[in-house]
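For reference, the structure discussed in these notes is given below.
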Amino acid sequence: MSTEYVWTPSGTDVTIKWRHMGWVPPSEIPSIRAKWKYYQELPMRHLTVAERQEYENVMRQAKVQRIK
């Protein structure tokens, strides 16, 4: 029996099978996390401390999750 295709019922978490096959989610790859952190910090490069705090408050109110 070939195991290339295995039917899974709806509601099954297919990421478990993908991980078993060697897939790593982008959120766990350090180089991708570093890239997104770099782009998230671009708007704050030339801000003063007070402006950074205000920017963070606006982002928090908008419920935007930032990579730490």
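At a glance:
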read-out	value
Spin-label pair V49/E28, simplified geometry with 7 Å Cα→Cβ offset, distance in nm	3.9
Within the chain, longest stretch free of exposed chymotrypsin sites (Phe, Trp or Tyr not before Pro) [DSSP loop, at most 14 other beta carbons within 10 Å]	24-68
C-alpha long axis of helix 30-41 to longest principal axis of the chain, angle in °	30
Correct option for Kirkwood radius over Cα pairs in Å [calculated from the coordinates] among [x] 15.7; [y] 16.2; [z] 15.0	[x]
Residues of type aspartates and glutamates that K17 reaches as a straight line, Cα spacing below 18 Å, ignoring anything fewer than 8 places off in the same chain	E4, E28
Förster radius 25 Å - calculated FRET efficiency between D13 and V64, Cβ distance, rounded to 0.05	0.40
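Laboratory data are not the source of any read-out in this text; all were calculated from the coordinates shown. Here the structure is a predicted model, which is why all the values come from computation and not from measurement. All Cβ positions, glycine included, derive from the backbone under ideal geometry; neighbour counts span all protein chains shown.
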